[in-house]
1. Considering only residues that are within 18 Å of Met175 (Cα to Cα) and of a type in the set (A, V, I, L, M), which ones fall in the range 321-335?
2. Hey, among the residues in the range 150-186 that are assigned to a strand (DSSP E or B) and β-branched (Val, Ile, Thr), which one's surrounded by the fewest Cβ atoms within 10 Å (Cβ to Cβ)?
3. Suppose the filter is over 26 Å from Ala85 (Cβ atoms), surrounded by 24 or more Cβ atoms within 10 Å (Cβ to Cβ), in contact (Cβ under 8 Å) with a residue 60 or more places away in the chain and hydrophobic (A, V, I, L, M, F, W, C); does Ala203 pass it?
4. Considering each of Ala439, Ala419, Ala375, Ala380 in turn, give the residue that is over 30 Å from Ala222 (Cα atoms) and at pLDDT 85 or above.
5. Scan the range 241-269 residue by residue and report those that are part of a strand (DSSP E or B) and buried (at least 24 other Cβ atoms within 10 Å of the Cβ).
6. If you check Val220, Val238, Val292, which single one turns out to be of a type in the set (A, V, I, L, M), closer than 24 Å to Met25 by Cα and at pLDDT 95 or above?
7. Tally up the residues in the range 94-134 that are free of Cβ contacts under 8 Å to residues at least 40 places away in the same chain, loosely packed, with under 13 Cβ neighbours inside 10 Å and over 16 Å from Leu59 (Cα atoms), please.
8. Given the criterion assigned to a strand (DSSP E or B) and either basic (Lys, Arg) or buried (at least 21 other Cβ atoms within 10 Å of the Cβ) (or both), identify the matching residue among Gly218, Gly189.
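The values are calculated or read from the model by the stated rules, or taken from the named source; none is laboratory data. Please read these numbers as outputs of a predicted model, since none were measured by experiment. Virtual Cβ from ideal backbone geometry, glycine too; neighbours counted across all protein chains shown.
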Amino acid sequence: MSKTIAEINEKIRNGTVRVVRADEMTKIVRDVGPRRAAEEVDVVTTGTFGAMCSSGVWLNFGHAEPPIKMARVWLNDVEAYAGVAAVDVYLGAAQRSRRRGIRYGGAHVIEDLLRGKSVDLRAVAYGSDCYPRKKLLGRFTLADLNTAMLSNPRNAYQRYTAATNSTERTLSTYMGKLLPRFGNATYSGAGELSPLSNDPRLATIGIGTRIFLGGARGFVTAAGTQHDPQNRFGTLMVQGDLKKMSAEFLRAASFHAYGTTLYVGLGVPIPILDEQIAESAGVADADITTEVRDYGVASRNRPVLGTVSYADLKSGAISLNGRSVPTSPLSSFYAAKVVAETLKEWIGRGEFELSTPVEPLSRTAAVGPLKLRAAEADEAEPPLSAAPASETVVWDEAKCVQCGLCLSLCPRGVFQRDADWKIRVDVEACRPCGRCSDACPTQAIQAPRGGRK
């Protein structure tokens, strides 16, 4: 038997849809088998609530009077990236405060905004004819912003490696505090509730999939960075409107000696279209395995000390080298279940319909190491191009982006366009005045100043 997303959405609209959480689906598949489960269940809701350092928000402030092109911006003393447009910035969750250090960062600014608090804005600029203002100070709230878009380039990890520590000292890492001599092991991910563990073939999750994000509706926009489905380390790039989200599902945090991060509640509905998808959605913690790695070795390829299941990890202790090592999670299984339950309720009430992906995510992508050519000690930046030794304009067609800005500047009609708006240049008509060369945005035009001899 098979269903379509359109058929499931019709059930959502008429109130006959059957929705279960992923942990409930595990029991259903175990009891009645995947074929019967596919007949009985229409949607499985998943959830995860973990620390996502790769989080941030796009903010648009609107134009000041007089206007300013922000060059550097600080929000509650946390610097945001301003190299995008005049009044747009990107605030990363892991960015630290200049004065408060790792205890306060971008994630805390995001949570402050969600809680309705005022945030200090300080911006500086170099000034220009169209943006003359050079400094801006003030306070704003989330409601004052034109746009506030949560953007996660990497979220919903299919699984994490577990971490432990072989050294003689305590380590402070993004996996939390690791006690010496294998004193503990930490892990993350939601196990059988994890979205990508319930659809490992990416049969239903793709670009355009509507999801639960931070307490509101969001979307999958691409495969996440470091997407590695071949090794069961798939990730999702996601986005949603921060103004519609809730601080219940977005919480700032800070790991000792590591830095700030943002706990993000994310859930993906899995449409049960056929028996194979039902079988995948019946995954149990005992079926999901990961490696235990030694974080005491400062290397990208940390030694693998063993393989364990999420059932082993959730039991509270794992066996390593013949000894029992206590385990603890960084993700919240309680909050992950709340995410899945909330999404289940939305769908059951007809408030959330499923979407068909507009494009599938890669099932074969793999992640490699950093590839960077070593710089020579005496390597210098290339010199700037010298002005042309010509008495007329020099036009580099390869550099030209065909924008046409030069058309209105030349008093002698050196620059013309054809019927397709392609730029043509009559160099013989040039009597150099310099108007064009300093205006060309790609430096495709160079002309000496002064008239011809």
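1. Val325, Leu330, listed by residue number.
2. If we take residues in the range 150-186 being assigned to a strand (DSSP E or B) and β-branched (Val, Ile, Thr), then Thr173 is surrounded by the fewest Cβ atoms within 10 Å (Cβ to Cβ).
3. On the way: over 26 Å from Ala85 (Cβ atoms): yes; surrounded by 24 or more Cβ atoms within 10 Å (Cβ to Cβ): no; in contact (Cβ under 8 Å) with a residue 60 or more places away in the chain: yes; hydrophobic (A, V, I, L, M, F, W, C): yes.
For Ala203, the condition - over 26 Å from Ala85 (Cβ atoms), surrounded by 24 or more Cβ atoms within 10 Å (Cβ to Cβ), in contact (Cβ under 8 Å) with a residue 60 or more places away in the chain and hydrophobic (A, V, I, L, M, F, W, C) - is not met.
4. Selected residue: Ala419, the only one of Ala439, Ala419, Ala375, Ala380 that is over 30 Å from Ala222 (Cα atoms) and at pLDDT 85 or above.
5. Listed by number, the residues that qualify are Leu250, Thr260, Thr261, Leu262, Val264, Gly265, Leu266, Gly267, Pro269.
6. Result of the check over Val220, Val238, Val292: Val220.
7. Residues that pass the stated criteria total 4.
8. Numbers: Gly189 fails: assigned to a strand (DSSP E or B).
Sole residue among the options that is assigned to a strand (DSSP E or B) and either basic (Lys, Arg) or buried (at least 21 other Cβ atoms within 10 Å of the Cβ) (or both): Gly218.
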